[in-house]
Structure formats: structure tokens, C-alpha cells
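Heads up: the structure comes next, in C-alpha cells.
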Amino acid sequence: MNLQSSHHIVIHGIGEIHYLAAGHGPPVVLLHGLAASVVAWRYNIHALSQRYAVFAPDLPGHGDSAKPDVRYDTEFGLHFLQQFLDALRLDRPILMGNSTGGFLALAWAMLHPERVQAMVLVDIPGIGKEVAWPLRLAALPGIGSLLASMDVAAGGRFAPRLFRHPERMDSQVRLELLRLQKLPGASRATLSALRSGVGLMGLRSSLLLLHHDGTPLPVPTLVVWGEEDRILSVEQARRFARRFPDVQLRILPDCGHWPQMEQADAFNQAVLAFLENAAVIKDG
């Protein structure tokens, strides 16, 4: 049985980063989304760690990682990812990202394909303009701070929108999201990400990345989407698959923006099967 362990590393210019590690084998790096943390992978780390070495960081500004007063844009996210991979000597990992974490994985793979073995992109932003109205509202000056104070922007009343059936969200997960969002600097980082474009409003930079229709993605890619996602429409996944016909698309029914949690068994099976069929190197 592979048990996960908690670690901290210090990244120059950012601060202390918290991450979980488990398992042995080819490396898999899990990147969570906006206003979340490693809790987003609560039901996936163990399954993946049976065959892979799993590393799940709390991204800067999130979870129990440092929350510097910076602009949380795509460039900052890419800088962090490079520093994190270099610090752990992960030269060519599999990248798996949910929501904005998936967009970060995609941006990294586009810029540095030689440093990625494969990708799993889960309900990612930037493929279309269909974004849940509370997040559009939260990106507006003044309004976002008000919503954050009401716990709407992340772990409070907005949290149920992550699931097709909110009652499926474990109470411990909900409490953890609330705890994290109340940490000093967390709301500021969330709002900065929304306003700068790395969040769910990040249309300009992502459309630049995806401008070349028909060009294959540089690495084997699986796209997983919750069919009932109320934050990012499943139609965006279908458009992505049409734009890049070489990707594999798996739409999971009866779940929302966090299919990796709401349909964890089906998600884990789909990911493990994809990685096996993608001939991921097994020499770790």
C-alpha cells in the first residue's frame, strides 16, 4: 500500500510550497484549479500511486502554500511550475490538471513539449466563453471582494456548483475548502487570478495558444469532462476534440466540474487506461 506524505519546499521568489507525494514509477504531477488545493485530488492520489510516483502541490496562493502579493497570471503560474519541476528533478512528468490547473498544464506543454510525457486535462477553461455568472461577476472590481467576503467565490455557497449533485460532496471536503479560503492572502490570490486571466476568465491567452486548428497537440492527451458541468459547459470539451482530433475525449455522465471526485472510480479507470495505452515509459 502506497501512503501519501506531506512535504514542503522553498521556491525562490515565491516562498514555501506544500505538496503531497505518494507511490513509485513514472512521475505524475497533479495541478488543482482556482480556489482549491490538493484536496481536489482526494480520491485519485491513492489509485494513481499504485503505478506512478504522484506529486500534488498546493499552487501558490492556494492551500497551505505561500501566498505572495503578486499578480497571479499565466506567466507566474508557468514560472512556478518550472521551479517546482526543477526542484523535484522531474524532467518529463505526466501533467494532470483540473480547471485552471489543466490550463496551466496545457500552456506548459505547448511551450515545453520536451518536458511533458502526456497530459490529462479535466474541465479546463479558455476554450470558450461559457463561464458561470458568479465567476464573471467576481472578476469585476469591487464586486469580487464582496463575493469573497460572502464565501461565494470559492469554498462557501459556490462550492456546490463543483458537483452535479452537491450532496455528494464530502462534508470534510467542504470544510477544508472553507478553511483554506479563510487563510490570509487566499481571497486576494483568487481574485487576482480571476482578474489577470489565468482563472476562468482567461480567454485571451488561451485562445492564442489554441489558435492553430488541426495541429496535433505535442504530447498524448486525454480530455475528461463532467457532462453536467455548470461552470464550464461540456460543449467546450467537444469543441476542443474537434480542434485537436488526436486527443482522446471522455465525458463522464451525471457529474459536474470535479469529475475526478464526483465520479472518482470512473475517472481513475479512464486515466489509468489512457496512460497504459499511451505507452508511458515505466522505468520511472
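Put a dot 7 Å past each Cα toward the Cβ at H165 and R230; how far apart are the dots in nm?
Placing both labels 7 Å beyond Cα along the Cβ direction yields 1.5 nm.
Put a dot 7 Å past each Cα toward the Cβ at H24 and L78; how far apart are the dots in nm?
Using points 7 Å along Cα→Cβ, the separation is 3.7 nm.
Can you compute 3J(HN,Hα) from phi for each residue in segment 224-234, using the Karplus curve 6.51 cos²θ - 1.76 cosθ + 1.60 with θ = phi - 60°, rounded to whole Hz and x for Gly and Pro?
Whole-Hz 3J(HN,Hα) from phi for segment 224-234: 10, 9, x, 4, 10, 4, 9, 9, 10, 4, 5.
Sequence-distant or interchain residues sharing an amide H contact under 5 Å with L31, placed H: which?
M96, G97, N98
Ignoring ligands, DNA and RNA, what percent of the 1.4 Å accessible area of segment 1-100 is carbon and sulfur?
49
Please turn the phi angles of segment 105-112 into ³J(HN,Hα) values with the Karplus equation 6.51 cos²θ - 1.76 cosθ + 1.60 (θ = phi - 60°), one per residue in order, whole Hz, x for glycine and proline.
Karplus-based 3J(HN,Hα) across segment 105-112 equals 4, 5, 4, 4, 5, 5, 8, 9 Hz.
Express the accessible area of segment 1-106 per residue in Å², computed with a 1.4 Å probe while the remaining protein chains stay in the model.
36
Order the peptides 241-252, 102-113 from the highest to the lowest mean number of other Cβ atoms within 10 Å of their residues.
Details: 241-252: 16.1, 102-113: 21.2.
Put in order of decreasing packing, that is 102-113, 241-252.
Starting from the 7 Å offset along Cα-to-Cβ, what nm value, one decimal, do you get for the label separation of A273 and V10?
So the two model labels end up 4.7 nm from each other.
The values are calculated or read from the model by the stated rules, or taken from the named source; none is laboratory data. Note that the structure is predicted; figures quoted are calculated from it, not measured. All Cβ positions, glycine included, derive from the backbone under ideal geometry; neighbour counts span all protein chains shown. Ligands, DNA and RNA are excluded from the accessible area calculation, which covers all protein heavy atoms including side chains. Shrake-Rupley method; radii C 1.70, N 1.55, O 1.52, S 1.80 Å.
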